[in-house]
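Here's the structure, in structure tokens; my notes come after.
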Amino acid sequence: MTTALRAIGVLLLVVATTVAAQQQSAAPMPDLEGGWVRIDVDGSGSFNGLAAKFLRAVLTPTAQAAVAEQAKRAAQPRFDFARDASKPKGAGEGYVVTDGNCTLPGGVEPNSAAFHLVQSREQVLIVRENPGLPRTIYIDGRAHPDLSRWAPTAVGHSTGRFEAGALVVETIGLTAGNVTAGGWRTPETRLTERYRVSSDGQRLTITYTWQDAKVYVKPHTYEIVSERTPPGSWAFESWCDSSDPNQRLSIVPPPQGK
Amino acid sequence: MNTRAPLLFGAVVILLAAFAAAPAAHHSFAMFDMDKDVTYKGLVTEYRWSNPHVHITVEIKPEPGVDSATIGIWDVEGGSMNIMGRQGWTRATFKAGDAITLVGHPMRDGSKGISLFYVILPDGKRLYHDVARPKGEGAPPKQ
Amino acid sequence: MRFATLIVIAAMAVFGGAAARGAVAAQSSPDISGFWELSFDSRRVPAASLAPGVTPTLLAKQAAHDAHAIRWCNFLGLPAAMDSTRPINIRQGRREMVINFETVATPRHLYFRASHPNMEIFDPTTNGDSIARWDGDTLVVDTIGFDGAKGVTMIPGGGYRTSDSHLVERFRLLNQGAVLSLTFTWEDAKVFRMPHTYEFRYVRAPRMYEAQPPLACNPFDEQRAAFLSGDRP
């Protein structure tokens with residue numbers, strides 16, 4: 001009888017210890033859910049300068065050539081923002097600065113618009129308030145698709161896991177193009193992001209690390225910090241209508257005086 | 001060693017770059033002198049809360065203390081409604097007739113256009129156009 | 001005696017924990033997260049009873065408005081976004097549920113909160129403002145704040161969305177979670193004589209479904225524009 005009781009006792013202790021260990025490893029995930037707006041940690045002076053203090057990417061010669069080629073294309077004069085500054089427009093003549101297209105690809109990083117994260121069991125979904133593709137981050141254990149059968153997009157294919165209090169996201173399959181702070185990417189380039197929330201739940205720090213032996217001499221890393229939107233706030237819709245002539249315009253100098 | 005592989009990779013990269021989507025979240029600011037912060041004080045004659053950009057028409061009259069370079073009627077361009085909304089703006093922030101003090105970047109070609117940086121409200125609070133802050137005035141990250 | 005005490009403590013740890021977890025599970029609501037799609041037999045839509053003021057002229061004007069929205073790839077908004085040809089992605093979080101679409105539509109945010117924002121400063125949208133609550137196993141969603149001048153406004157069964165429209169939706173899982181029933185009830189005194197209700201039944205997409213980029217919509221595609229306007233090719 002005593003032996004049997006001891007055996008039961010040991011068994012119960014083992015079970016209790018296992019349950020406790022499981023509860024420990026299933027520790028609460030970071031609370032990423034909600035609306036977030038990027039903040040200017042460095043005091044950049046203007047939107048153009050937000051990444052000025054990021055360490056510049058160190059690229060392979062081939063990737064440097066790709067960046068230079070892209071820069072040449074981007075420098076082609078387009079619209080009125082490239083016009084001769086010695087010939088200002090007159091009153092009522094609007095400066096045309098876009099083609100009015102409302103469909104924008106977006107990207108993996110936040111811009112000045114808010115973004116919203118929602119966490120469900122199998123997926124973390126990130127949607128933007130500006131036009132752009134959503135980011136579907138699969139946390140159900142699935143693998144990336146075969147890139148030979150994947151059409152690259154501005155947001156690629158993302159899988160995620162929770163690790164040491166952070167959401168870790170791995171992305172491949174991005175369209176080729178520029179990366180912040182002088183970087184470059186191809187569909188094979190791997191982006192690893194770590195999403196961490198401050199202890200008071202109000203700040204979200206996302207660390208971006210780009211790796212690709214054909215593009216980077218060493219991993220290219222930078223951080224973007226965002227602040228949670230206030231309680232009770234709601235998502236905004238960024239209305240756009242390509243039929244509206246104003247969609248193409250920036251400044252329209254007003255008539256002066258009487 | 002296969003020397004053709006890097007060349008082939010380079011060709012593929014450049015070819016892919018030709019099809020890379022140009023990020024166009026908003027238009028270029030090249031028309032504006034973004035390194036110049038100018039303060040303008042005047043009256044709102046129109047506050048247009050709409051996309052793609054919020055526009056404020058501001059009249060600055062010649063008065064004592066007014067910088068003569070700022071006199072005139074200006075089109076002040078802000079951001080989209082949702083970007084400015086996240087910085088505290090609403091459709092009720094201004095109306096015609098309101099006094100306004102703003103800091104912005106003038107057009108390079110001298111025409112009466114301004115890219116808004118921020119406005120200074122009567123209580124001294126600033127409403128920024130987007131996430132950017134003046135140099136040296138960034139928010140420190142929390143732990 | 002000491003060993004007997006250890007046995008009791010261990011037993012309490014095991015069975016007490018199990019009871020607590022069971023209590024938590026019993027309190028939690030259904031989770032309707034998933035990719036959901038409509039099939040050819042997914043819709044039960046009766047004819048709406050329209051208000052006397054909704055004349056054929058008015059309906060034609062509204063149809064022209066919607067044709068313009070489609071031609072120029074405007075955001076669809078409600079109710080059109082909920083009836084697209086691709087699965088909708090519903091993600092249920094703690095504070096809100098987001099519904100994302102693989103078409104020209106902004107995502108919907110359904111907030112688990114008790115009241116709508118101040119409509120004096122709320123900028124109306126194609127999707128309106130939605131608040132949600134659980135009523136047993138049914139998610140009840142209340143939406144106001146529509147912009148009647150934007151997007152595709154036509155409502156299945158007749159009528160159209162205006163800035164005064166009020167929509168109540170009821171989401172309920174059926175068939176052990178394989179089917180999502182969604183009833184839409186529209187109220188708008190300018191448009192409907194009485195509340196107009198219809199039901200969609202979405203089928204859950206396969207578990208390994210991969211979200212797709214939205215179907216392309218190029219407003220500057222002249223062939224497309226000619227096709228939509230009925231011009232001969």
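The values are calculated or read from the model by the stated rules, or taken from the named source; none is laboratory data. What you are looking at is a predicted structure, and each value in this text was computed from that prediction instead of being measured. FYI the Cβ positions are ideal-geometry reconstructions off the backbone, even for glycines, and counts take in every protein chain you see.
Residues A:GLY182, A:GLY90: which one is over 30 Å from B:GLY85 (Cα atoms), out of contact with any strand residue (DSSP E or B) (no Cβ under 9 Å at 6 or more places or on another chain) and in contact (Cβ under 8 Å) with a residue 24 or more places away in the chain?
None of the others qualify; the one that does is A:GLY90.
Can you work out which of the residues in the stretch A:97-134 that are away from chain B (no Cβ under 12 Å) and of a type in the set (D, E, K, R) is surrounded by the most Cβ atoms within 10 Å (Cβ to Cβ)?
A:GLU122
Determine whether B:MET81 is in contact with a His (Cβ under 8 Å, 6 or more places away or on another chain) and over 21 Å from A:GLN256 (Cβ atoms).
No; evaluated as a whole, the condition is false for this residue.
Filtering the stretch A:51-74 down to residues that are touching a helix residue (DSSP H, G or I) at 6+ places or on another chain (Cβ under 9 Å) and aliphatic (A, V, I, L, M), which residue is nearest to the other protein chains (Cβ to nearest Cβ)?
Of everything passing the filter in the stretch A:51-74, A:ALA66 is nearest to the other protein chains (Cβ to nearest Cβ).
Looking at the stretch A:229-245, which of its residues are more than 7 Å from chain B (Cβ to nearest Cβ), out of contact with any Asp or Glu (no Cβ under 9 Å at 6 or more places or on another chain) and within 18 Å of A:GLY100 (Cβ to Cβ)?
Passing the criteria: A:ASP241, A:SER243, A:ASP244, A:PRO245.
Being more than 27 Å from A:GLU122 (Cβ to Cβ), surrounded by 15 or more Cβ atoms within 10 Å (Cβ to Cβ) and not aliphatic (A, V, I, L, M) narrows it down to one residue among C:PHE227, C:PHE192; which is it?
C:PHE192
Scan the stretch C:104-120 and report the pairs whose first residue is buried (at least 17 other Cβ atoms within 10 Å of the Cβ) and whose second residue is polar (S, T, N, Q), with Cβ atoms within less than 7 Å and a gap of 6+ or a chain change.
Final answer for the pair search is C:THR106/C:THR126; C:THR106/C:ASN127; C:PRO107/C:ASN100; C:ARG108/C:ASN127; C:ARG108/C:SER130; C:HIS109/C:SER130; C:LEU110/C:SER130; C:TYR111/C:SER130.
Examine the stretch B:107-121 for a residue that is at the interface with chain A (Cβ under 9 Å from one of its Cβ atoms), over 25 Å from A:ALA74 (Cβ atoms) and surrounded by fewer than 17 Cβ atoms within 10 Å (Cβ to Cβ), and state whether such a residue exists.
Scanning the stretch B:107-121 turns up at least one residue that is at the interface with chain A (Cβ under 9 Å from one of its Cβ atoms), over 25 Å from A:ALA74 (Cβ atoms) and surrounded by fewer than 17 Cβ atoms within 10 Å (Cβ to Cβ).
Can you go through C:GLU187, C:GLU222 and tell me which one is free of Cβ contacts under 8 Å to residues at least 24 places away in the same chain and either more than 14 Å from chain A (Cβ to nearest Cβ) or surrounded by 15 or more Cβ atoms within 10 Å (Cβ to Cβ) (or both)?
C:GLU187
Over 18 Å from A:TRP184 (Cβ atoms) and in contact with a strand residue (DSSP E or B) (Cβ under 8 Å, 6 or more places away or on another chain): which single residue out of A:VAL168, A:VAL155 fits that description?
A:VAL168
Can you pull out the residues in the stretch C:170-207 that are under 17 Å from C:MET154 (Cα atoms), part of a strand (DSSP E or B) and not β-branched (Val, Ile, Thr)?
Scanning the stretch C:170-207 gives C:PHE184, C:TRP186, C:GLU187, C:PHE192, C:HIS196, C:TYR198, C:GLU199, C:PHE200.
Is it the case that A:LEU117 is out of contact with any Lys or Arg (no Cβ under 6 Å at 6 or more places or on another chain) and aliphatic (A, V, I, L, M)?
The answer is yes for A:LEU117.
Please verify whether the stretch A:63-80 includes one or more residues that are aromatic (Phe, Trp, Tyr) and assigned to a helix (DSSP H, G or I).
Within the stretch A:63-80, not a single residue is aromatic (Phe, Trp, Tyr) and assigned to a helix (DSSP H, G or I).
In the stretch B:57-76, which residue that is more than 9 Å from every other protein chain (Cβ to nearest Cβ) and among the hydroxyl-bearing types (Ser, Thr, Tyr) is nearest to A:ASN246 (Cα to Cα)?
In this case the residue turns out to be B:THR70.
Which numbered condition in (1) in a strand (DSSP E or B); (2) within 21 Å of A:ALA51 (Cα to Cα) is the only one that A:GLY107 fails?
(1)
Counting just the residues of the stretch A:55-74 that are within 13 Å of A:ALA181 (Cβ to Cβ) and among the β-branched types (Val, Ile, Thr), which one comes out surrounded by the most Cβ atoms within 10 Å (Cβ to Cβ)?
A:VAL67
Please name all residue pairs, on different chains or six or more residues apart, with Cβ atoms under 8 Å, provided the first residue is in the stretch A:214-228 and is closer than 19 Å to A:ALA176 by Cα and the second residue is charged (D, E, K, R) and assigned to a strand (DSSP E or B).
That search, which allows pairs on different chains as well, returns A:VAL215/A:ARG185.
Consider B:ILE100 carefully, then state whether it is within 28 Å of A:GLU93 (Cβ to Cβ) and more than 13 Å from chain A (Cβ to nearest Cβ).
Considered against the rule, which asks whether it is within 28 Å of A:GLU93 (Cβ to Cβ) and more than 13 Å from chain A (Cβ to nearest Cβ), B:ILE100 comes out as yes.
Consider A:SER112 carefully, then state whether it is of a type in the set (S, T, N, Q) and at pLDDT below 85.
no
Can you name the number of the only condition in (1) within 12 Å of chain B (Cβ to nearest Cβ); (2) in contact with an Asp or Glu (Cβ under 7 Å, 6 or more places away or on another chain); (3) buried (at least 21 other Cβ atoms within 10 Å of the Cβ); (4) in contact (Cβ under 8 Å) with a residue 60 or more places away in the chain that A:GLY201 fails?
Exception for A:GLY201: condition (3).
Please list, ordered by first then second residue, the pairs with beta carbon atoms under 9 Å, 6 or more apart or interchain, first in the stretch C:52-63 and hydrophobic (A, V, I, L, M, F, W, C), second surrounded by 11 or more Cβ atoms within 10 Å (Cβ to Cβ) and part of a helix (DSSP H, G or I).
As it stands, the answer is C:VAL54/C:GLN62, since those pairs meet every condition given.
For the stretch A:38-47, give me the residue count where each residue is buried (at least 22 other Cβ atoms within 10 Å of the Cβ) and modelled with pLDDT of 90 or more.
2
Would you please name the residue that is farthest from C:GLU96 (Cα to Cα), looking only at residues in the stretch A:35-50 that are within 7 Å of another protein chain (Cβ to nearest Cβ) and in contact (Cβ under 8 Å) with a residue 24 or more places away in the chain?
Here the answer is A:PHE47.
Do you know which of the residues in the stretch C:32-67 that are touching a Ser or Thr at 6+ places or on another chain (Cβ under 7 Å) and either surrounded by 22 or more Cβ atoms within 10 Å (Cβ to Cβ) or not hydroxyl-bearing (Ser, Thr, Tyr) (or both) is farthest from A:GLY100 (Cα to Cα)?
This residue is C:GLN62.
Each row is one residue, and each column tells you yes or no for (1) hydrophobic (A, V, I, L, M, F, W, C); (2) farther than 30 Å from A:SER242 by Cβ; (3) over 15 Å from the mean Cα position of the chain (by Cα).
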position: C:ILE144; (1), (2), (3): yes, no, no
position: C:GLY151; (1), (2), (3): no, no, yes
position: C:MET154; (1), (2), (3): yes, no, yes
position: C:GLY158; (1), (2), (3): no, no, yes
position: C:THR162; (1), (2), (3): no, no, yes
position: C:GLN176; (1), (2), (3): no, yes, yes
position: C:LEU182; (1), (2), (3): yes, yes, no
position: C:GLU187; (1), (2), (3): no, yes, yes
position: C:ARG207; (1), (2), (3): no, yes, yes
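Condition check: polar (S, T, N, Q), over 28 Å from A:SER86 (Cα atoms) and away from every other protein chain (no Cβ under 11 Å). Does B:THR39 satisfy that?
Criteria not met by B:THR39.
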